[in-house]
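The values are calculated or read from the model by the stated rules, or taken from the named source; none is laboratory data. Note that the structure is predicted; figures quoted are calculated from it, not measured. Note: ideal-geometry Cβ built from the backbone for every residue, glycine included; neighbour counts use all protein chains shown. These accessible areas exclude ligands, DNA and RNA; they are computed on the full protein's heavy atoms, side chains included. Shrake-Rupley method; radii C 1.70, N 1.55, O 1.52, S 1.80 Å.
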Amino acid sequence: MGDWNATTTTTTGAQTRRRRATLAATRGVSLQPVNCASSASAELPARGGETVRERSLERPRGDKKRRRNEISDRLSCHRTQESLLSSSSGFRNYRGILNWCVVMLVLSNSRLFLENLIKYGILVDPIQVISLFLNDPYSWPAACLLIVSNVFILVGLYTERQLSKGSFSELAGFLVHCINLSVILMFPAAVVLLVPSMTPVGGAIALGTYTILFLKLYSYKDVNLWCRELSLVKAKKLSRSLSCPSPQHFKGDEQKVCYPGNLTIRDMYYFVFAPTLCYELNFPRSPKVRKRFLLRRLFEMMFFIQVLVGLTQQWMIPIIQSSMKPLEVRGQNNPDAHEENDMDLSRMTERLLRLAVPNHLLWLMFFYSFFHSSLNFTAELLRFGDRQFYKDWWNSESVTYFWQNWNIPVHKWCLRHFYKPLLRRGVSKMISQSAVFFLSAFFHEYLVSVPLRMFRLWAFTGMMAQLPLAWLVGSFLRGNYGNAAVWMSIIIGQPFAILMYVHDYYVMNYRLETD
């Protein structure tokens, strides 16, 4: 009886173990001896708040769902979606296309460069550059003009000192400033036109320097006048919160000046050399001079000057020389003169379009070398804090936005000392904008015509043509189309006027020498 019970118990235990094994196999759980500890651990919550047993039950369901998805993917491979190049797709990553454009630009210009070398040889001559500045080694009229400019600086400072002390009346001071500013523009122009040894490049540098000085002294006059007006309003005591902020508004231990403590030679010449056209009593200053930054900007300046000179000699001058003949009026006594002139007009257009591309590349290099490298170099050397010399003009979708953002120092001056004063006097916004463009057109013509000693009004006409162009682009073009129109005006419009001057200069001078 005891043996039968033992055999029955053993058989029953074996059957139980087989049933448990079968059940575990169907659930995907390995067979383990069952004890209290394992039973308790099976009910313990796992990560995520579910038990081990619940997770084991979810696995077959997940496998089935995965298999159904795989089968569904095999049966269906299409869904509703837009092409990447469609505007409705929302795709914006065109970096590869941009890189392709850069590669194509490099390859195409490399071909032109090799063609130029094969046709003309190496034309770069550093010695010839010296002749652009000096006709006579013993006569340096441009350098003399730069030295004489200190006289006008000191006259402006002396006038403001006398006005601050009350020695000059406001009317007398205004007349002295007007005479001083007028002579600043007329005196260098007369020297450039009358002195034969003055070269076009030297004359352009001298006139550019005097134009910058004119704008700076005009701002200097206005700001000091505003300070005197505030002094009168506040009982001859300038409010510290307006002209000389409290020390907690500044970092560092630098002393801040108030009017008339700013009327010193040191303050004046700091403003003259600072990369800005708008005067302030206390300019923002950087904490220290970064030597590595300074050396990088200096290297960029020297590098781009060499590249600009080399590309001008190797690329632009041969095209200009080859375009002189088609522009000459020929065949007056020739019965086929009309056909010949038509052919020359076509050749002239082809030469000018060929010259537009290298001229535009040189313009871009000049922009970077001057507005980024040179102005940052000067600002770092003087610890001048405001380094916003340009904004994202390359994204301009209107002509107005381009002119407001490509040259921030000039834009700030026009806004502060010309446009807003006209609005305060009751002048309409349209007339004020037209007056700003007229002033800019005058200085463009002044800086081009006088050094070349010829007056064609190409620069003036080109600048005034920006007004109707700005209206057309702003009214009919938006987004990428507006940006493309701005780039076309930069590549074709602005350089075209300069090319006409350069070409007329070559035709006028070299043809006379040949005759």
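Values as computed for the structure displayed
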read-out: Unique match (being open to solvent by less than 60 Å² (accessible area, probe 1.4 Å), assigned to a helix (DSSP H, G or I) and at pLDDT below 90) among L294, L308; value: L308
read-out: Odd one out for C414, checked against (1) part of a helix (DSSP H, G or I); (2) under 30 Å from L311 (Cβ atoms); value: (2)
read-out: Check on A172, open to solvent by less than 40 Å² (accessible area, probe 1.4 Å) and either at pLDDT below 95 or under 37 Å from the mean Cα position of the chain (by Cα) (or both); value: yes
read-out: Test: residue in the range 485-499 that is open to solvent by 50 Å² or more (accessible area, probe 1.4 Å), of a type in the set (F, W, Y) and modelled with pLDDT of 85 or more; value: yes
read-out: Scope the range 444-463; condition without any contact (Cβ under 8 Å) to a residue 60 or more places away in the chain and either surrounded by fewer than 16 Cβ atoms within 10 Å (Cβ to Cβ) or not in a helix (DSSP H, G or I) (or both); matching residues; value: M454, F455, R456, L457, T461
read-out: Tally of residues being outside any helix (DSSP H, G or I) and either farther than 21 Å from V307 by Cβ or free of Cβ contacts under 8 Å to residues at least 40 places away in the same chain (or both) across the range 74-123; value: 17
read-out: Condition check for N69: surrounded by 10 or more Cβ atoms within 10 Å (Cβ to Cβ) and at pLDDT below 75; value: yes
read-out: The lone exception for S197 - which of (1) open to solvent by 40 Å² or more (accessible area, probe 1.4 Å); (2) in contact (Cβ under 8 Å) with a residue 60 or more places away in the chain; (3) more than 34 Å from the chain's Cα centre (by Cα); (4) farther than 30 Å from Y259 by Cα it fails; value: (1)
read-out: Flag for A435 being aliphatic (A, V, I, L, M) and either surrounded by 17 or more Cβ atoms within 10 Å (Cβ to Cβ) or not in a helix (DSSP H, G or I) (or both); value: no
read-out: Pick from the range 356-394, criterion aliphatic (A, V, I, L, M), out of contact with any Pro (no Cβ under 6 Å at 6 or more places or on another chain) and within 30 Å of G479 (Cβ to Cβ), ranking: most open to solvent (accessible area, probe 1.4 Å); value: V357
read-out: Subset of the range 408-422 [over 11 Å from T276 (Cα atoms), open to solvent by 60 Å² or more (accessible area, probe 1.4 Å) and of a type outside the set (A, V, I, L, M, F, W, C)]; value: R416, K420
read-out: Boolean, I97 is at pLDDT 80 or above and either in contact with a Pro (Cβ under 7 Å, 6 or more places away or on another chain) or hydrophobic (A, V, I, L, M, F, W, C) (or both); value: yes
read-out: So Q388, is it part of a helix (DSSP H, G or I), more than 29 Å from I317 (Cβ to Cβ) and among the polar types (S, T, N, Q); value: no
read-out: One residue from S449, S432, S428, S475 being under 30 Å from R387 (Cβ atoms) and of a type outside the set (D, E); value: S432
read-out: Qualifying position, being modelled with pLDDT under 80 and hydrophobic (A, V, I, L, M, F, W, C), among V103, V129; value: V129
read-out: Test: Y481 is of a type in the set (F, W, Y) and over 22 Å from T199 (Cα atoms); value: yes
read-out: Residues of the range 89-98 satisfying the condition of being open to solvent by less than 80 Å² (accessible area, probe 1.4 Å) and not aromatic (F, W, Y); value: S89, G90, G96
read-out: Matching residues in the range 229-249 - criterion: being over 22 Å from W413 (Cα atoms) and either modelled with pLDDT of 90 or more or surrounded by 15 or more Cβ atoms within 10 Å (Cβ to Cβ) (or both); value: S231, L238
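For every residue, the table says whether it meets (1) in contact with a Phe, Trp or Tyr (Cβ under 7 Å, 6 or more places away or on another chain); (2) in a helix (DSSP H, G or I); (3) of a type in the set (V, I, T); (4) over 19 Å from Y259 (Cβ atoms).
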site: N150; (1), (2), (3), (4): no, yes, no, yes
site: Y158; (1), (2), (3), (4): no, yes, no, no
site: L171; (1), (2), (3), (4): no, yes, no, yes
site: I179; (1), (2), (3), (4): no, yes, yes, yes
site: S182; (1), (2), (3), (4): no, yes, no, yes
site: I212; (1), (2), (3), (4): no, yes, yes, yes
site: L225; (1), (2), (3), (4): no, yes, no, no
